[in-house]
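The values are calculated or read from the model by the stated rules, or taken from the named source; none is laboratory data. None of the values given here were measured: they were computed from a predicted structure. Cβ placement follows ideal geometry from the backbone for every residue including glycine, while neighbour counts extend to all protein chains displayed.
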Amino acid sequence: MRVASHERCDDMMNTMRLPSSALFALLLGLGATRASASDHLDSPSVIADSRADIGDIYAWTSPDGRQLNLVMAIVGHTFSDRLHYTFHVDSGRGFGRTTATTTIDCHLATATEMECRAGYGDYARGDASVTPVFEKRFRVFAGLRDDPFFNNVKGTRAAYNTAVAALKAGAAHDDAGCPAFDRATSDAILDQWRHTDGGPAKNFLAGWTPASLVVAIDLDVVAKGGTLLAVWATTSDDQRQIDRMVGR
């Protein structure tokens, strides 16, 4: 989600979905530790086929600063042979001014073999669910993994409900249209977010093992335009894009 002082907060609030917005910033400067984004079951198309639903994406650079690591977690527990799973890495020299894009496109070539191509060059194919498939500049794993995203669904809903109740009770707004909650209301919202039904926060994704596409790729392959990277992901079939998670 992008936030700008020229935008009205109520307009942005209208785009929000539980547990998060489908537009979630995922911007990396080389050397950053990690960035992530999350959304689940956010449209009728992905509800109809969870194998097309991108639940979470993660991106971080390796400790030696030589590789970009990418993870796309699919809500379904398998990949579809009708779909392409694609990372898009935009690169540039300044924030908001990317000048080059590298795609890492993957699809099931057979029932057991994942085929991935990075840009117009590096190519890997094999049963990536058993051991990672290696290519000179990148490697790929595709299989079930426990998603590390901590999602306190009930606490999030309770926090939203507290905010909505305060708005209905006449909470003030600032000049940009943003809710101006008093300290007591703000503390109550945060307290709900930190708990589940009044007790310790629970992770409702604990033990969830989505189909996960994991890529490690040399930075010079994806940083053609500069050292500032923006990472986003899509699922698509031969006719249309079905889902995306994008940072702005």
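Here is a yes/no grid of residues against (1) crowded, with 16+ Cβ neighbours inside 10 Å; (2) farther than 26 Å from Phe138 by Cβ; (3) in the same structural domain as Phe87 (by TED's automatic domain parsing):
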{"residue": "Gln192", "(1), (2), (3)": "yes, yes, no"}
{"residue": "His195", "(1), (2), (3)": "yes, yes, no"}
{"residue": "Asp220", "(1), (2), (3)": "no, no, yes"}
{"residue": "Ser236", "(1), (2), (3)": "yes, no, yes"}
- Report yes if some residue within region 139-151 is in contact with a helix residue (DSSP H, G or I) (Cβ under 9 Å, 6 or more places away or on another chain) and crowded, with 18+ Cβ neighbours inside 10 Å; otherwise report no. no
- Task: Check Phe204 against each of (1) more than 30 Å from His107 (Cβ to Cβ); (2) free of Cβ contacts under 8 Å to residues at least 40 places away in the same chain; (3) in contact with a strand residue (DSSP E or B) (Cβ under 9 Å, 6 or more places away or on another chain) and name the one condition it does not meet.
- Result: (2)
- Task: Considering only region 101-194, give the strands (runs of 3 or more DSSP E) lying wholly within it that have at least 2 residues that are of a type in the set (Gly, Ala, Ser) and free of Cβ contacts under 8 Å to residues at least 24 places away in the same chain.
- Result: 123-126
- Query: Based on what the data block shows, is Ala176 in contact with a Phe, Trp or Tyr (Cβ under 9 Å, 6 or more places away or on another chain), over 30 Å from His88 (Cα atoms) and surrounded by fewer than 17 Cβ atoms within 10 Å (Cβ to Cβ)?
  - Reply: no
